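S.K.: Here it is: the structure, laid out below.
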Amino acid sequence: MNLKGIMWGCLMAAFVLSASAERTYKYRVNLKDKVGTAYSVDKPEDFLSERALARRNRQQLPVDETDLPVSQAYVKELVGVGARLVTTSKWNNTVVLEVEDTLLMDKVASMPFVTQVKKVWIQPDSIPLRNKNRKKEVTNNVKKSGNFYGKAFQQINIHGGDSLHAAGFTGKGMHVAIIDAGYYNADKIKFFKKLDLLGTRDFVNPNSDIYEEHSHGMMVLSCMAANKKDVFVGTAPEASYWLLRSEDNDTEQPVEEDYWAAAIEFADSVGVDVVNTSLGYYHFDEGYEPYRYRDLDGHTSLMSHSASMATDKGIVVVCSAGNSGADAWKKVTPPGDAENVLVVGALTKNLINAEFSSIGNTTDGRIKPDVMAIGAPSVVSGKDGTVSKANGTSFASPTMCGVVVCFWQSCPWLTAKELVKAVQQAGDRVDFPDNIYGYGVPNLWKAYQKELEKKK
């Protein structure tokens, strides 16, 4: 792995400055081309890890110009006007800059290699303090049950995940990235004591303690990686995990799509197999235009375009449908409209769609959600390390994602897109999919057996 190349192309993490007297702003700058890049598709090892290249080679996916890091020559000129570099996206060929003086962006807009400039962040008046005493909340007070999976048995059993585990497919050897809001107390909760942690990255504020940030990512992680028998075992307990933060819980602004793009490009660069993201955006804080139903085409949203690109690079992307089913929006939330991603809606314990679970379809008629999993409620870890419950497609998604990881481990010959198709075809509504349940509840133990038959 050439860390220098990867750091330039994928680890240009965003940062948040401490409060100052002068308000700061962030702008997304679209670049015309990649003239001046120091990298070449003939030497992909300079910006992609061995594992990333191996994943692509298995699926016969070539490295192309979209994989090249943005032009360092252009970045130098952009920073030269007095702006600060926040992050870059090679797949979108964009740069995010931070300035105090917005007039500097007029100079940026006039540069011949710049095609568009868009404001994506305004510094908030204040940021809540983090809880420095968070560890004192952790009790890890749990009781054993009569079932290996504890209270989480149903949410894995309906997908045949327990049968996959019994056959030895527990996610071992598979690399998974979770892109979320934070992993509060995950470093002290005993459900994660056996966690095979590959690393953490914060694309919002690289100087933060990722375990002091929001608990949402921790609960998402628990659906997959919890591993305390007879109490709580997740759907991919022996997989290896990257914990990535792209959600800025203090505001809701378009720059979070840029953070997410940087995160998934990083996941690609280090050779991740599967990504779970229980994030999505269709509206932002006041001052920004919301997305419209007609924008659900897989590419209008920067986040959706990045997710579609990830699938083209051989990554399986699993994401939550969104929790707007009972709201005016109703539809799946970007990046749930991305091409070839696996979008998961939420079921009650009675296997009826949860009222809040967002529905499809995309504007170009693709079935969404793709499949359903239990999310009303899901069994998750509490902030104190106890077994808790939470509602949301946010938790249906990782539950499904973990079973998908184990399924791919069982059928390594499948490409990412073949795998998504196999999961869809394993749904109990495959013959009559709709915009509420998609293809239904997939049984991936049966899907595994079906794929084995095909191999004979």
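The values are calculated or read from the model by the stated rules, or taken from the named source; none is laboratory data. Model, not experiment: these values are computed from the prediction. As a convention, Cβ positions derive from the backbone with ideal geometry for all residues, glycine included, and neighbour counts pool all protein chains shown.
S.K.: So if I check each of Ile158, Ile178, which one is in contact (Cβ under 8 Å) with a residue 12 or more places away in the chain, among the hydrophobic types (A, V, I, L, M, F, W, C) and surrounded by fewer than 22 Cβ atoms within 10 Å (Cβ to Cβ)?
M.R.: The conditions single out Ile158.
S.K.: When only residues in region 321-346 that are touching a helix residue (DSSP H, G or I) at 6+ places or on another chain (Cβ under 7 Å) and not in a loop (DSSP other than H, G, I, E, B) count, which is farthest from Val371 (Cα to Cα)?
M.R.: Checked region 321-346; the qualifying residue farthest from Val371 (Cα to Cα) is Lys331.
S.K.: How many of the residues in region 224-242 are in contact with a Pro (Cβ under 9 Å, 6 or more places away or on another chain) and of a type in the set (Val, Ile, Thr)?
M.R.: 1
S.K.: Further, regarding this structure: In region 292-317, which residue that is assigned to a loop (DSSP other than H, G, I, E, B) and of a type in the set (Val, Ile, Thr) is nearest to Val274 (Cα to Cα)? Walk me through how you get there before you give the answer.
M.R.: Here is the first cut: in region 292-317, the ones assigned to a loop (DSSP other than H, G, I, E, B) are 292, 296-301, 313-315.
Now narrow it down to the ones that are of a type in the set (Val, Ile, Thr): 300, 315.
Numbers: Thr300: 23, Ile315: 6 Å.
By that ranking, first place goes to Ile315.
S.K.: Output the residue which, of all residues in region 421-442 that are assigned to a helix (DSSP H, G or I) and surrounded by fewer than 19 Cβ atoms within 10 Å (Cβ to Cβ), is nearest to the chain's Cα centre (by Cα). Before the answer, list the steps.
M.R.: If we filter region 421-442 for residues that are assigned to a helix (DSSP H, G or I), which is where we start, we get 421-425.
Restricting the remaining residues to those that are surrounded by fewer than 19 Cβ atoms within 10 Å (Cβ to Cβ) gives 421, 425.
Working: Lys421: 20, Gln425: 23 Å.
Step by step, filter region 421-442, then rank; the result is Lys421.
For every residue, the table says whether it meets (1) within 13 Å of the chain's Cα centre (by Cα); (2) assigned by TED's automatic domain parsing to the domain that holds Arg58; (3) on the phi > 0 side of the Ramachandran plot; (4) modelled with pLDDT of 95 or more.
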site	(1), (2), (3), (4)
Asn276	yes, no, no, yes
Asp285	no, no, no, no
Leu296	no, no, no, yes
Met303	yes, no, no, yes
Lys313	no, no, no, yes
Lys331	no, no, no, yes
Ala346	no, no, no, yes
Lys349	no, no, no, yes
Ile352	no, no, no, yes
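S.K.: Would you mind stating whether Val220 is part of a helix (DSSP H, G or I) and in contact with a helix residue (DSSP H, G or I) (Cβ under 8 Å, 6 or more places away or on another chain)?
M.R.: Yes.
S.K.: Sticking with this one: Have a look at Asp327, Asp384, Asp370 and point out the one that is under 19 Å from Ala447 (Cβ atoms) and of a type in the set (D, E, K, R).
M.R.: Asp370
S.K.: Do any residues in region 66-77 that are farther than 12 Å from Met111 by Cα and of a type outside the set (S, T, N, Q) have Cβ atoms under 6 Å from those of residues that are surrounded by fewer than 16 Cβ atoms within 10 Å (Cβ to Cβ) and at pLDDT below 95, where the two are at least six apart or on different chains, and which pairs are they?
M.R.: Close Cβ pairs satisfying both conditions: Ala73/Gly36.
S.K.: May I ask you to list pairs of residues, at least six apart or on different chains, whose Cβ atoms are under 6 Å apart, with the first in region 362-391 being closer than 20 Å to Asp337 by Cα and assigned by TED's automatic domain parsing to the domain that holds Ser308 and the second being surrounded by fewer than 24 Cβ atoms within 10 Å (Cβ to Cβ) and among the β-branched types (Val, Ile, Thr)?
M.R.: Lys368/Thr362; Met372/Val441
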